[in-house]
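I have placed the structure first, in the form of structure tokens, so that the comments after it can refer back to it.
The values are calculated or read from the model by the stated rules, or taken from the named source; none is laboratory data. For clarity, every value in this text was computed on a predicted model and none was experimentally measured. Backbone-built Cβ (ideal geometry, glycine too); neighbour counts: all protein chains shown. Note: areas computed on protein heavy atoms with side chains; ligands, DNA, RNA excluded. Shrake-Rupley method; radii C 1.70, N 1.55, O 1.52, S 1.80 Å.
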Amino acid sequence: TDTRTDTHTDTRTDTQAQTAASEEGAAYVGGQANWKEAVTYLKLSAGFQENHAHMILGYHYMFKLESSQYLSSDTSRISSKGPDGESSLEHSWNVLRNSSLNAQELETQQKLFRYNNDLQTVLPRIQNEYCQLAARYYSKAAEETVQMIQQSGADQHLEPTRLEHLEVEAESGHVSVHDPEVVQYYEDMANDGQLDAQVALGELYFFGDPERGVQRDYPQARRFFEQAAVQGDPIAQNTLALMYTQGLGVEQNNTIARKYFETAAVQGHTEALNGLGYIHLHGLGVPVNETKGFEYFLRAAGLGHAEACSNLGVLYLHGVGTKVNKTLALHYFNIAAQHNHTAAIFSLATLYLNGEGVPRNCQKALPLLKTVAERGSGLEVMNEAFRRFQAGDHEGSLLMYWFAAEMGYSIAQTNVAFIRAQGLAGEVRCQGTFDHSPCIRGMYSRAAAQGDAMALKKLADMYYYGSDSTAIDPSMSLALYLAAAKQGDPEAYFSAGYMFEHGVGTPVDLDRSLLLFESLMNRSEDWGVAVWFPPFLASTRLKLSRFYGTCRNRFFGYPFDVFMLVVLVVQVVAVLTRIFWSLNNQRQPDQPDLHRDLTE
């Protein structure tokens with residue numbers, strides 16, 4: 001179907017029209033608040049296979065957003081109840097996270113975050129009539145992402161930087177491990193034969209880290225990996241095999257690659273086993289042997305290798321080297337997806353979208369497609385925005401993050417809100433005015449609708465304390481704190497526990513308050529002692545209070561209250577008396593020392 005609009009005739013070249021359409025579409029979405037006009041230009045851009053346009057259209061159809069809704073203070077824009085009485089998209093947003101929980105953890109989750117009719121749910125429900133449209137655009141962007149990862153040979157998806165976290169690191173004096181002095185120190189150790197330093201530098205140059213000022217350098221990576229491989233390191237041997245397989249910094253040679261894979265596989269290296277499966281499956285330097293390739297993948301998958309699980313899913317799905325088994329294909333795709341493997345997440349989404357081996361379910365497929373799409377070329381926009389922020393070009397950074405926010409990146413949305421809240425780009429107006437509070441709230445609302453923990457907590461704070469664009473609403477604040485806690489935010493755990501304990505925005509529920517505090521303590525290994533201590537004090541106080549109440553009600557009743565009151569009064573009188581006599585003695589003149597006089 002031709003996605004170009006019939007109402008606009010464009011005589012420019014394809015490249016000019018593509019660029020203009022993408023820019024004009026983003027401008028209408030982000031600035032001039034004309035969604036109908038924006039769709040016209042974005043569809044024109046999508047007709048040229050413009051990946052960014054696919055993501056913008058997918059995101060906006062996913063949430064059925066219009067530009068005027070971004071800035072609305074109406075809470076219904078980010079909250080709705082599902083017809084089944086459960087929190088909207090609760091499973092879909094956490095399909096990967098929840099699948100890795102054991103039975104005890106799931107039971108605790110259900111107790112903590114059970115649906116409460118008195119509280120509004122904050123995750124919106126995808127409307128079925130728009131799900132297919134959103135999935136169509138996201139599928140194109142996700143497919144391009146998978147192809148890009150397969151060509152690069154590395155499924156590296158570093159999370160973009162949150163500017164608020166960057167500020168915390170700066171305040172704490174955080175030092176990057178990739179600072180030039182540190183790199184030089186590692187090079188000195190590597191040249192002295194230190195194996196760990198050789199491997200670390202090899203990986204640093206193999207993957208690169210542009211944000212830290214280290215560019216990808218395959219020849220340098222090869223040099224350090226060869227030094228480590230001589231000492232028998234399986235990581236270095238496996239990476240060298242990958243480099244020879246794909247010709248990265250070396251002349252492509254499948255025979256040398258196979259030898260490195262076999263040497264590392266003898267040591268039980270799972271990636272090397274997976275590599276041998278790939279070599280035999282495709283006949284790289286050896287005769288094609290699909291059965292042997294399947295067996296190597298099976299061995300690597302049994303040791304927990306994510307890519308091997310994804311490969312097994314593909315083989316089971318198409319009956320390569322084994323019989324067709326879509327149930328096992330789904331099983332292995334799920335395992336790989338739990339390990340965040342991009343191609344497996346895309347395959348899993350495709351199965352749900354097309355109903356292969358599982359019932360057709362667009363609402364499960366769509367969040368997975370969005371996850372994959374966001375690991376593609378949109379990250380270049382995020383990286384450019386961060387570089388401009390570091391260079392002090394805050395207005396340019398804001399505009400780049402704004403463009404990424406229109407593509408649906410929740411981190412970009414929180415970064416836009418952060419830059420505006422800090423007053424770093426005051427010349428960039430918010431809907432024609434210099435009042436930034438509606439835009440700040442709007443961006444946090446959009447990120448919160450995607451389950452972003454920081455945005456949920458920020459909105460919860462706005463509803464708890466009130467702001468220029470938000471009226472105080474304790475019930476909504478509690479719902480948002482619970483949603484943020486479910487995404488793993490420690491401060492939200494404590495805030496929700498406090499509100500249940502004191503009945504703020506909800507009836508007093510000491511059981512749920514205690515459960516929140518204890519759950520936070522149990523997860524403190526992820527956050528450190530500083531997170532463990534406050535909930536420990538709060539839970540201890542609650543337990544002592546409940547023990548006192550039990551003793552009073554079961555054994556003593558009203559006389560016990562009178563007795564405790566008398567004890568308290570006696571203690572207060574005793575303390576006051578001691579203070580009075582202490583002060584009185586200080587006022588009296590010094591008395592003669594009779595013993596000293598007699599001695600003299």
Could you check residue 326 against (1) in contact with an Asp or Glu (Cβ under 8 Å, 6 or more places away or on another chain); (2) under 26 Å from residue 55 (Cα atoms); (3) among the basic types (Lys, Arg) and say which number it fails?
-> (2)
Out of segment 408-437, which residues are over 30 Å from residue 363 (Cβ atoms), open to solvent by 10 Å² or more (accessible area, probe 1.4 Å), assigned to a helix (DSSP H, G or I) and in contact (Cβ under 8 Å) with a residue 24 or more places away in the chain?
-> 418, 437
First in segment 128-149 and acidic (Asp, Glu), second anywhere and not in a helix (DSSP H, G or I), Cβ under 6 Å, 6 or more apart | 144/376
Consider only pairs whose beta carbons are under 6 Å apart and that are at least six residues apart or on different chains; among these, list those whose first residue lies in segment 269-280 and is in contact (Cβ under 8 Å) with a residue 60 or more places away in the chain and closer than 18 Å to residue 320 by Cα and whose second residue is in a helix (DSSP H, G or I) and not polar (S, T, N, Q).
-> none
State all residues of segment 388-411 that are touching an Asp or Glu at 6+ places or on another chain (Cβ under 8 Å) and not hydrophobic (A, V, I, L, M, F, W, C); if no residue qualifies, say none.
-> 395, 408, 409, 410
(1) farther than 17 Å from residue 245 by Cα; (2) hydrophobic (A, V, I, L, M, F, W, C); (3) open to solvent by less than 40 Å² (accessible area, probe 1.4 Å): which one isn't true of residue 303, the others all being true?
-> (3)
Where residue 493 falls short, out of the listed (1) within 19 Å of residue 161 (Cα to Cα); (2) open to solvent by less than 10 Å² (accessible area, probe 1.4 Å) = (1)
Hey, does segment 376-387 have a residue that's charged (D, E, K, R), open to solvent by less than 40 Å² (accessible area, probe 1.4 Å) and part of a helix (DSSP H, G or I)?
-> no
Leading residue by the ranking (modelled with the lowest pLDDT) among those in segment 532-560 that are over 21 Å from residue 502 (Cβ atoms) and open to solvent by less than 50 Å² (accessible area, probe 1.4 Å) | 557
Could you list, in sequence order, all residues of segment 493-512 that are small (Gly, Ala, Ser) and at pLDDT below 90?
-> 505
Only one residue in 316, 278 is open to solvent by 20 Å² or more (accessible area, probe 1.4 Å), assigned to a helix (DSSP H, G or I) and either at pLDDT 95 or above or farther than 20 Å from residue 147 by Cα (or both), so which one is that?
-> 316
Any chance residue 292 is closer than 30 Å to residue 226 by Cβ and among the basic types (Lys, Arg) | yes
Scan segment 497-514 and give yes if some residue there is surrounded by fewer than 18 Cβ atoms within 10 Å (Cβ to Cβ), touching a residue at least 60 places away in the same chain (Cβ under 8 Å) and polar (S, T, N, Q), otherwise no.
-> no
Tell me which residues, restricted to segment 450-502, are assigned to a loop (DSSP other than H, G, I, E, B) and among the small types (Gly, Ala, Ser).
-> 451, 466, 469, 471, 488
Out of (1) farther than 19 Å from residue 454 by Cβ; (2) outside any helix (DSSP H, G or I); (3) open to solvent by less than 50 Å² (accessible area, probe 1.4 Å), the one residue 368 does not meet is (2)
